[in-house]
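The values are calculated or read from the model by the stated rules, or taken from the named source; none is laboratory data. Keep in mind the model is a prediction, meaning the values are calculated, not measured. Cβ sites come from the backbone with ideal geometry, for glycine too, and all protein chains shown count toward neighbours. The area values use the complete protein model at the heavy-atom level, side chains included, leaving out ligands, DNA and RNA. Shrake-Rupley method; radii C 1.70, N 1.55, O 1.52, S 1.80 Å.
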Amino acid sequence: MKMLRPLLVIMHRWFGLSAALFLFIAGLTGAIISWDHELDALLNPQLFQARSAGQQLPGPVLPGLTLANQLEAAHPQMRVTYVLTQTEPGHTSSMMVEGRTDPQTGLPAVLGFNQIAVDPVTGEIQGQRTWGELSLRRENLLPFLYKLHYTMFLPQAGGIEIGIWLMGIIGLLWAVDCLVALWLSFPNWRSWRKSLAFRWQAGGHKLNFDLHRSGGVWCWILLLILAVTSVSMNLERPVVRPLLQVFSTLSPDPFAHPPGASAEVASLSREQIVELAERERQRRGWRLPVGGIFYSSAAGLYGVGFFELGNDHGDAGLGNAWLYFDARNGQLVGSKIPGTGSAGDLFLQAQFPLHSGRILGLPGRILISLMGLTVAVLSVTGVLIWARKRSARRAQAAIQSAKNGSTSASKASGASSGT
């Protein structure tokens, strides 16, 4: 095992150096986006607070499906792809949208945005933005940080999402490195206490070393969870699902093999799908109501989520239940029901709740936010340790070179005096 240690040290060093910048960015952005909805609402009240809430305007708060129909009627080039069935008091109705295909050109209409905020009383569009746009404007800041977290905003190439693959591969190597780092942190069991201690009073490089080693040991299991869940979310279909299927039966993924409905026109309306979902809810004895519906034109699928008003983000446990329907005929083609299915299904269901901390509700989000800062600190301290050791090696080499030069000069002087 002693012979293996130098190899593991090299592996740990070079992974850390090559991934430090990516993990630093992912750590800091992860600490922030744990509160993305709250911060987004603080920065962009026009996207979240309905203007009609502070005014005495006639008319009731309209259901989300009614608002979506009104908007599509007023803007024929626009299709609403996600809408909540009800709106929280005083809030706007947030919708995702896309451009409909122009039958003359065969190209989708260019809207200039993909998310809108609608006043639920007046039907007015209060605000709009392109979610995930490469922009630091106030309305784009939180979506920018969110997408930066898992893609680094690297472009596609040959239909491959380079950023998603890169961060998934880094997550895979990070998971392996977690095991390597734990082994290196305990060179022998007699000095195990050192691997858990922090020399606060020593300061300098000693404290920096302890922050890196002992900090990693104290947070090891959480770091490993973050690494594994990173792989699961970025590389679920190409890597994780095939691997899980070796050990467990998985429920079919309707988006992997969509039913083939028209990408442009769904045969059934949102209302019809919600009615089907409501029947299925009653048949299954679910207490949670239909909370939202989305339409995927690329897959020809509707998805219906079940949650209470205000809990569309799935703030606790394994998230919300979803049913997926063929947009052509309303056939139920898939589902994601938290806490049910095979061991592999449960594993996949747990990945986002674990990575975001939402599995534990508010305390979990606080913990994950702190872990994001921890990942950033470990990245910086690791680079500082390497830089100090590199500087020490160079200084030692310079001293040795000077000694060798002095010895050579002495020998040459002795040989000259002897002649």
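Quick one: work out Rg over Rh on the C-alpha atoms of region 59-98, Rh as Kirkwood radius.
0.96
Check which residues have an amide H placed less than 5 Å from Thr81's amide H, if you skip close sequence neighbours.
Amide H to amide H, under 5 Å and 5 or more residues apart or across chains, Thr81 pairs with Met96, Val97, Glu98.
Where does the charge balance sit around Ala197 when Lys and Arg score +1, Asp and Glu -1, over other residues with C-beta under 12 Å from its C-beta? If you can, show how the numbers build up before the last one.
Working: positive: Arg193, Lys194, Arg199, Lys206, Arg213; negative: Asp210.
Result for the local shell: +4.
According to a simple spin-label model (label point 7 Å from Cα along Cα-to-Cβ), what is the distance in nm between Val176 and Phe352?
Placing both labels 7 Å beyond Cα along the Cβ direction yields 2.9 nm.
Which one, Glu139, Glu72, Glu236, has the greatest fluctuation when you compute a Gaussian network model over the chain with C-alpha springs under 10 angstrom?
Glu72
Which FRET efficiency, nearest 0.05, do Ala74 and Ala398 yield, Cβ-Cβ r, R0 60 Å?
The value I calculate is 0.20.
Pairing the Cα long axis of helix 343-356 with the longest principal axis of the chain, what angle in degrees results, from 0 to 90 and rounded to the nearest 10?
That helix lies at roughly 80 degrees to the long axis.
Evaluate the distance, in nm, between pseudo-label points positioned 7 Å from the Cα of Arg328 and of Leu43 along their respective Cα→Cβ axes.
Those two pseudo-labels are separated by 4.2 nm.
Considering the Cα trace of region 316-403, what is its radius of gyration and what is Dmax, both in angstroms?
24.9, 85
Could you give me the ³J(HN,Hα) list for region 128-142, computed from phi with Karplus coefficients 6.51, -1.76, 1.60 and θ = phi - 60°, whole Hz, x at Gly and Pro?
My calculation for region 128-142 gives 8, 6, 9, 5, x, 6, 6, 7, 9, 5, 3, 6, 9, 4, 5 Hz in order.
Find the all-direction average of the projected area of the Cα convex hull for region 148-264, expressing the result in square nanometres with one decimal place.
Numbers: hull surface 47.0 nm².
Orientation-averaged projected area of the Cα hull: 11.8 nm².
Within region 123-225, report the trypsin sites (Lys or Arg not before Pro) that DSSP leaves as loop and that have at most 11 other Cβ atoms within 10 Å.
Those satisfying the criteria are Arg137.
Skipping prolines and chain starts, which residues have an amide H placed within reach, meaning under 5 Å, of the one on Gln49, given they are 5 or more residues away or on another chain?
Close amide H contacts, sequence-distant or interchain: Thr92.
With a 10 Å radius around each residue's Cβ, average the other Cβ atoms per peptide and rank 98-108, 22-32, highest first.
Working: 98-108: 12.4, 22-32: 20.5.
Listed from highest to lowest mean packing, they are 22-32, 98-108.
Taking the Cα-to-Cβ direction at Asp102 and at Ser269 and moving 7 Å from each Cα, how far apart do the two end points lie in nm?
With each label point 7 Å from Cα toward Cβ, the separation is 2.8 nm.
Helix 64-74 sits at what angle to the longest principal axis of the chain, using alpha carbons and giving 0 to 90 degrees rounded to 10?
So the inclination is approximately 80 degrees.
Got a number for carbon plus sulfur as a percent of the chain's accessible area, 1.4 Å probe? Mind showing how you got there, number by number?
Working: 14410 of 22870 Å².
C and S atoms contribute 63 percent here.
Of the listed peptides 391-397, 270-276, 130-136, what is their order by residue-averaged count of other C-beta atoms within 10 Å, with the highest listed first?
Details: 391-397: 10.1, 270-276: 17.7, 130-136: 13.3.
Most protected by this proxy first, the peptides run 270-276, 130-136, 391-397.
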